Amino acid sequence: MGTAVWVLGGCFLPQDEYYLDEVPVPRNDPPRIVENLVQPPYRILRGFGSKPRCELEFSIIVEDPNLGDTLTAYWYVDYDPNQPRGADREVTILPKGDDDPRRDERPTIKPIFNSAEFSRLNTPGDHVVEVVVSDRALQGRVPQADIVQLPNGELLTNPGYATSYVWFVRTEQGDCP
């Protein structure tokens, strides 16, 4: 009985074999912001402009399974989609050259109250600080795809990806210089 189950469990029909003519074009994978390593670790910050909170520091760690991709972190303060503009700061994140998808470089901005850089944060009220990380050039805030021509003449669209992280900052009229 056991032999019958073993024999009948196999397939007696011939199977077609397919061989690859060439190695497939690798597809792009999205980068990722490691959320438990962002600084500051909490999304809502109150009291900017009042001592001791006269300076802030925002930074992220990024992973990308495509080890050879150059990434760009685009920093925005109070971005308004109805009035599009470029990033307040761009930081290039180069490939490391090893097998670890986590990048060593930590894109960072350091707003200081009453400085000209990131001046939108000087106005009392609520603000949004956002970082967008992309593995391809952005048009507006949309990553562009790569168009690859295959050996057979066919065109392959390999999408670009972006990911973002947002902090909310409450600026108050305080005693910072």
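The values are calculated or read from the model by the stated rules, or taken from the named source; none is laboratory data. Remember, it's a predicted structure, so these values are computed and weren't measured experimentally. Glycine gets a Cβ as well: all are built from the backbone with ideal geometry, and neighbour counts include every protein chain shown. What goes into the accessible areas is simple: the full protein's heavy atoms, side chains included, and nothing from ligands, DNA or RNA. Shrake-Rupley method; radii C 1.70, N 1.55, O 1.52, S 1.80 Å.
Quick notes on this structure:
- Assessment of segment 103-120 against the conditions (of a type in the set (A, V, I, L, M, F, W, C), over 20 Å from Tyr165 (Cα atoms) and part of a loop (DSSP other than H, G, I, E, B)) yields at least one matching residue.
- Pro84 vs. criteria within 30 Å of Pro124 (Cα to Cα), more than 13 Å from the chain's Cα centre (by Cα), modelled with pLDDT under 95 and open to solvent by 40 Å² or more (accessible area, probe 1.4 Å): yes
- Listed by first and then second residue, the pairs linking a residue in segment 24-43 that is touching a residue at least 60 places away in the same chain (Cβ under 8 Å) and closer than 17 Å to Thr70 by Cα to a residue that is open to solvent by 70 Å² or more (accessible area, probe 1.4 Å) and of a type in the set (Phe, Trp, Tyr), with Cβ atoms under 6 Å apart and 6 or more places separating them unless they lie on different chains, are Pro30/Tyr161.
- Pairs with Cβ under 7 Å, 6+ apart, first in segment 105-131 and under 25 Å from Leu71 (Cβ atoms) and at pLDDT 95 or above, second outside any loop (DSSP other than H, G, I, E, B) and acidic (Asp, Glu): Lys110/Glu55
- Scanning segment 158-177 for residues that are among the hydroxyl-bearing types (Ser, Thr, Tyr) and in a loop (DSSP other than H, G, I, E, B) returns a single hit, Tyr161.
- When we screen Pro107, Pro101, Pro111, Pro159 for residues that are of a type outside the set (Asp, Glu) and either under 16 Å from Glu55 (Cα atoms) or touching a Gly at 6+ places or on another chain (Cβ under 6 Å) (or both), the only hit is Pro111.
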